[in-house]
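The next block holds one structure in the form of structure tokens; read it before the comments.
Nothing in this text is a laboratory measurement; each read-out follows from the coordinates by a stated rule. No experiment lies behind these values; they were computed from the predicted model shown. Cβ: placed from backbone, ideal geometry, glycine included. Neighbour counts: every protein chain shown.
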Amino acid sequence: MIRILIVEDDANIAKLIEATVAIGGYEGVVCNNGAEGFARMENEEFDLVLLDVMLPDMSGFEIMRSRTSDTPVIFITAKQELTDKVRGLRLGAEDYIVKPFEAMELLARIEVILRRVSKTTVIYEYGDISVNVEEHTCKCKGKSVYLTPKEFEVLVFFLQHKDVAVSRDRLLSAVWGFEYEGETRTIDIHIQQLRKKLNLKEHLVTIPKLGYRLESL
Amino acid sequence: MKLWQKIFLYTMMLVMLAVGVTSILVLKNSFQLSMEQKRQSAYLEHEFQLSDFKSYLLSERLRQNALVLEQGQVTAMIASSFQEENITGGIAFFNNRRQLVYEKNCYQRMSEESRQRVEELLELVADTGESYLLHQEEELYILSKESLETNTFYYLTITDMSEVYSIHRDMLQNVRTVCLVCAVAISVILLVVVKLLLRPLSRINQGTRAIAQGDYHKRVPQKGRDELSELAFNMNRMAYAVEQNIRALEDVAEDRKKFIDNLSHEMKTPLTSILGFADLLQIQGKLSEEQRMEYAGIIKDEAGRMRTLSGKLMEMITVGEANIEWTKEDVRQVFHEMGLALTVVAESHSMRFSMECEKGQLWMDRELIRSLVYNLTDNAIKASKEGDPVAIHGWFEEDSFFFTVTDRGIGIPKEEIEKITQAFYMVDKVRSRASGGAGLGLALCVEIARIHRGNLSIESELGVGTVVTVRMKGGGVHEEAV
């Protein structure tokens, strides 16, 4: 399981981040002050660090400067000035997220970075469905099922966000790209196709007024 | 036109005018003088020649032993006598009918106009019988009426004056040359002097330009004790004042930026939790009842924090504004009223609250004073444990009203005391937030004390307790006169 270190002094926000990464199927380790966070970063193995900048004892920038490990780091901070952002990225951070953020946004960014350092799963198993992202293949009960590229991406997105209510807009921007201005009808058609091809009628449920959710088995 | 150009030009013009006028006057004077001398000598020669001739005439008459000489004889003698004489100018004799009887290098070479003038002169002399001098071109005509051996003659001498004129012309030429040379020399000297004198000005100018371009710590060089260095001195004073003001403004801007930074951080922290947990509640499918309650609880807590923060901010804004209502109140009465409310609060935390206050008048804004006392007491209560005492004590001393808020709570670490009055500063963030603090209370108190012409001092020891002393003169400066 992928372990993510969360260095955040505000207990509630730490809890929020922990709950968010749990949705993505990662294990969050919370640490509420800079010094301890730094020590754990140095001594333990993590796949990713979510680092707050304004910490009471040791700022995130300081930690970044003095660290020796090369674990990827995402800054999470209330400072949204460009200079701060540039400073953070210059120090070697992979990304910079400004508070307040949405859960899905945080997950998406985490995923991008984990994919970059190739730590994401390439094979997803869901009941008797098995999806291999690298080979771009999908098997159901051992038999391969033909999916269009978009259907495949929609399926992977749901597998990555099990038990999460995914809005149509979110799905559109994730699979078709932000600039896509098609109708949300397109999504409904894809969902129907997936349900039919993989027999997911009961698990890929419609949430009224919001979107869809793939429920875990 | 630049100043040095103006000074240079005007001085130059004045100097040249003075030199020119003086030399022309002197020249004119000397010309007149030499003219007069020449005229005198010409007249003398005229007289001398005539008297010479008269004496010759007399001796001739005596020699001839005649009673009188005939006019013809006289005429002949004129011719013979003057022919021999070595005369520089020209001479001419006219008889009583004003006919030319003798002339020597004179009449023939005269221009028609000159002849005309001589005719006029002859008439004038004939009428008046006096001698006349006439300047014609560069010559001097002297005509006199003479009686020679009872015959009337007119005697004309012409003296060449061109020498005087040419000397005058030469001198004029010289003066012109000298003036020109002078002009060049003076202009060079003036240029150097003016430039030298005005050099500090250009330095001041450069310095001022640098200051104007934002180099407020720059100073203008000041040397000597003339007006320019005075100007430089005053410029420097101005620059100093500007620098002070700018620095003060920068400090204010810096403070404000820090405040805004802190504020945005303090606002975003609860906001992040609220939005985040609301988001989770919305999108997460399988949520236990326990989790749902927890998330909702957090949202509620954080919303409460936002409310506290906005409340405190509103208070700060009101304090900062000018709508303060000054009234003269009895401190004891005001404190007593507050004491009732505060006792209830303290008792709800199971603490012992006591208050005593001297009677006395103070110019104050009632609401602000209440806020001040409430904030300090609130801090004291938060720092204390159940059963601890919290005391307020107020008294008058000299021209000020003092009051202390004393607790036996956890105290403040020494190195933190200075910082705790800064906005958003919290010694123990976790604990402050848990008790609903926004980190603005003490900053607000300092501001209120300042408005009442006072200050706030804190003495504290870890584990022993804290004493906050407020000293106020009360009222603004002009309100005292009311």
> Using a cut-off of 13 Å between alpha-carbon atoms, which aspartates and glutamates can reach B:LYS54, once sequence neighbours fewer than 8 places away in the same chain are excluded?
Replying inline: B:GLU146, B:GLU149
> Looking at this model, which pairs from B:LYS328/B:LYS385; B:LYS28/B:LYS104; B:LYS195/B:LYS218 are more than 28 angstrom apart at the alpha-carbon?
Replying inline: B:LYS328/B:LYS385; B:LYS28/B:LYS104
>> Restricting to lysines 8 or more places apart or on different chains, can you count the pairs in region A:123-214 with Cα atoms under 22 Å from each other?
In response: 22
>> Give me the tail of P(r) for region B:6-98 as a percent: Cα-Cα pairs with distance above 22 Å.
In response: 56
> Can you list the aspartates and glutamates whose alpha carbon sits under 18 Å from that of B:LYS38, skipping same-chain ones fewer than 8 residues off?
Replying inline: B:GLU47, B:GLU137, B:GLU138, B:GLU139, B:ASP160, B:GLU163, B:ASP170
>> Which one, B:SER147, B:SER229, B:LEU313, projects farthest toward the positive side of the charge dipole computed for chain B from Cβ point charges (K/R +1, D/E -1)?
In response: B:LEU313
>> In chain B, once you exclude exposed GluC sites (Glu not before Pro) (DSSP loop, at most 16 other Cβ within 10 angstrom), what's the longest stretch remaining?
In response: B:139-320
> Counting other C-beta atoms within 10 Å, which of A:ILE189, B:ILE392 has the fewest, and how do the rest follow?
Replying inline: A:ILE189, B:ILE392
>> Classify region B:3-167 from the C-alpha gyration tensor, please: rounded if a/c falls under 1.5, else prolate or oblate depending on whether a/b exceeds b/c.
In response: prolate
> For the Cα atoms of chain B, what angle does the longest principal axis make with the long axis of helix B:227-283, in degrees from 0 to 90, nearest 10?
Replying inline: 30
>> Can you sort B:ILE167, A:ILE74 from fewest to most other Cβ atoms within 10 Å of each residue's own Cβ?
In response: B:ILE167, A:ILE74
>> Between B:ASN65 and B:HIS135, how high is the FRET efficiency from 1/(1 + (r/R0)^6) when r is the Cβ-Cβ distance and R₀ = 45 Å? Nearest 0.05.
In response: 0.50
> For the pair B:LYS257 and B:ASP215, what calculated FRET efficiency results from E = 1/(1 + (r/R0)^6), where r is the Cβ-Cβ distance and R0 = 25 Å, to the nearest 0.05?
Replying inline: 0.65
> To the nearest 10 degrees, how steep is helix B:366-383 against the longest Cα principal axis of chain B, on a 0 to 90 scale?
Replying inline: 50
> Helix B:3-64: angle to the longest alpha-carbon principal axis of chain B, degrees 0 to 90, nearest 10?
Replying inline: 10
> Can you count the Lys pairs in region B:221-321 whose Cα atoms are under 29 Å apart, with each pair 8 or more apart or on different chains?
Replying inline: 10
> Going by how many other Cβ atoms sit within 10 Å of their own, how do A:LYS143, B:LYS385, A:LYS15 line up, fewest first?
Replying inline: A:LYS143, B:LYS385, A:LYS15
>> If you take each beta carbon of peptide A:100-107 and count the beta carbons of other chains within 10 angstrom, what is the mean?
In response: 4
